[in-house]
1. With θ set to phi - 60° and the Karplus curve 6.51 cos²θ - 1.76 cosθ + 1.60, what are the ³J(HN,Hα) couplings of the stretch 234-248 in order, to the nearest whole Hz, using x for Gly and Pro?
2. Can you give the Rg to Rh ratio of the stretch 191-319, both from alpha-carbon atoms, with Rh computed by the Kirkwood formula?
3. Once phi is turned into θ = phi - 60°, what whole-Hz ³J(HN,Hα) does the Karplus curve with 6.51, -1.76 and 1.60 give for every residue of the stretch 60-72, x standing for Gly and Pro?
4. Could you work out the Kirkwood radius for the stretch 103-377, taking every pair of different alpha carbons, averaging 1/r and inverting it, reported in Å?
5. Can you sort Asp41, Asp362, Asp284 from fewest to most other Cβ atoms within 10 Å of each residue's own Cβ?
6. In whole angstrom, note down how far apart the Cα centers of the stretch 252-326 and the stretch 48-110 are.
7. Please name which of Pro133, Gly175, Ala80 has its Cα lying farthest along the dipole of the chain towards the positive end, using unit charges on Cβ (Lys, Arg +1; Asp, Glu -1) and the Cα centre as origin.
8. Using amide H atoms built 1.01 Å from N in the peptide plane, name the residues 5+ places from Thr347, or on other chains, whose amide H lies under 5 Å from its own.
Amino acid sequence: MPGAEMNSAVLDLNEAERARILAKAAAFAPPPATLPDGRRDLVGLSREELAAEMLALGEKPFRAKQLWHWLYHQGETDFARMNTIAKPMQMKLAERFVVGRPEVATQQDSADGTRKWLFRFRDQQQVETVYIPSADEDRGAVCISTQVGCTLSCRFCHTGTQALVRNLGAAEIVGQFIAARDSYGEWPSPKDGTPRHLSNIVVMGMGEPLYNYENVAKALKIVMDHEGIGLSRRRITLSTSGVVPMMDRCGVELGVGLAVSLHAVTDELRDEIVPLNRKYPIADLLAACRRYPGASNARRITFEYVMLRGVNDSEAEARELVRLISGMPAKVNLIPFNPWPGSPYKTSTSEAIHRFADILNDAGYASPIRRPRGRDILAACGQLKTESERKRKVAE
Ligand code: SF4
């Protein structure tokens, strides 16, 4: 098939796949963001939706701008304290709306400063969120979840042992970051250049974000909005197991950093460790990485590689990895496996990890070895899991 025709065939195929993925995501949609008393949660509405709500109340568009400022710049939850809004209007808003937060079910602090929350939503479903402070600077990343459970069953991952219950809504995704900011009192949103403790977001918690794309995209657009939280896209990294058809869209629409859970250099092994590989094999995945919009030496693609003793940690595999990613602006995060109860793997030896890293480094690829964080509270990579379970149908 001539090149152009082949490309359009690939794109058509991707379009059909995207439609299928979005339809499946809708089947696991979150419950409506409305309280039993009929009041609606304002968090998670896009600017346009907020403006439409104000219009429906007979208010001018500037109200939406004012509210946006209170919600996302000031972090205010009480309409009565929004002092640029006149009292009658405050009351009108309080009758119809709430400014919601996920409930903190538990909070645990690790000896190394990592903090993990178990957040509970209105339907009692729960996810985990982790704040990982930088070891040497006054900043840190919030690792947020995008689904309750996960469909993908990556073999090294504790979350993967929990069936997908449902997708999180935009309010629940942005709500994790907001609640983390509440926990550290980081309001109002620090202006450009002012240091932030909660300076980065990694979309790497429970779930596969590209299987819940619409809600993730909406939440990240809220987070990036300059008149609110104002976190730059350069400070956001989305991690995928390789949902190839959605990767281009993510790059074009959001422009956030991309991390890919690679973990193996042959399809045979990756089929086993990351079963999604059977659908989107390594060659397709790397092709999508090569065309990821905005990737450059300043914004390298991160490949995540969990180090499993005797499974994927040989020198030959390190050399093959170099070959696979050659010419790509990339770095490789080497993650010593974090065991969890019943996990089938062991962590690679320190010697094996360092040998692997040396081969990558010698080939010009930064390959930091991730220091396990929050292990004592099961907050490290791949260890998140909640007790939430898919509700049985009444008939069962
Ligand atoms: S690594 Fe991510 S995609 Fe794979 S099972 Fe765990 S949460 Fe799901």
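Bear in mind these aren't lab numbers, they're just calculated from the coordinates by the rules spelled out. Note that the structure is a prediction, hence the values are computed from the model and not measured. Here Cβ is always computed from backbone atoms with ideal geometry, including for glycine, and neighbour counts include all displayed protein chains.
1. 5, 9, 10, 10, 9, 10, 10, 7, x, 7, 3, x, 9, 5, 4
2. Details: Rg = 15.9 Å, Rh = 15.8 Å.
Taking Rg over the Kirkwood Rh, I get 1.01.
3. 6, x, 5, 4, 4, 5, 4, 5, 4, 4, 5, 5, 10
4. Values: mean 1/r = 0.0523 Å⁻¹.
Evaluated over the stretch 103-377, this radius sits at 19.1 Å.
5. Working: Asp41 20, Asp362 11, Asp284 17.
Fewest-to-most ranking of Asp41, Asp362, Asp284: Asp362, Asp284, Asp41.
6. Using only Cα atoms, the two centres lie 42 Å from each other.
7. About the Cα centre, the residue reaching furthest to the positive side is Ala80.
8. Amide H to amide H, under 5 Å and 5 or more residues apart or across chains, Thr347 pairs with Arg309.
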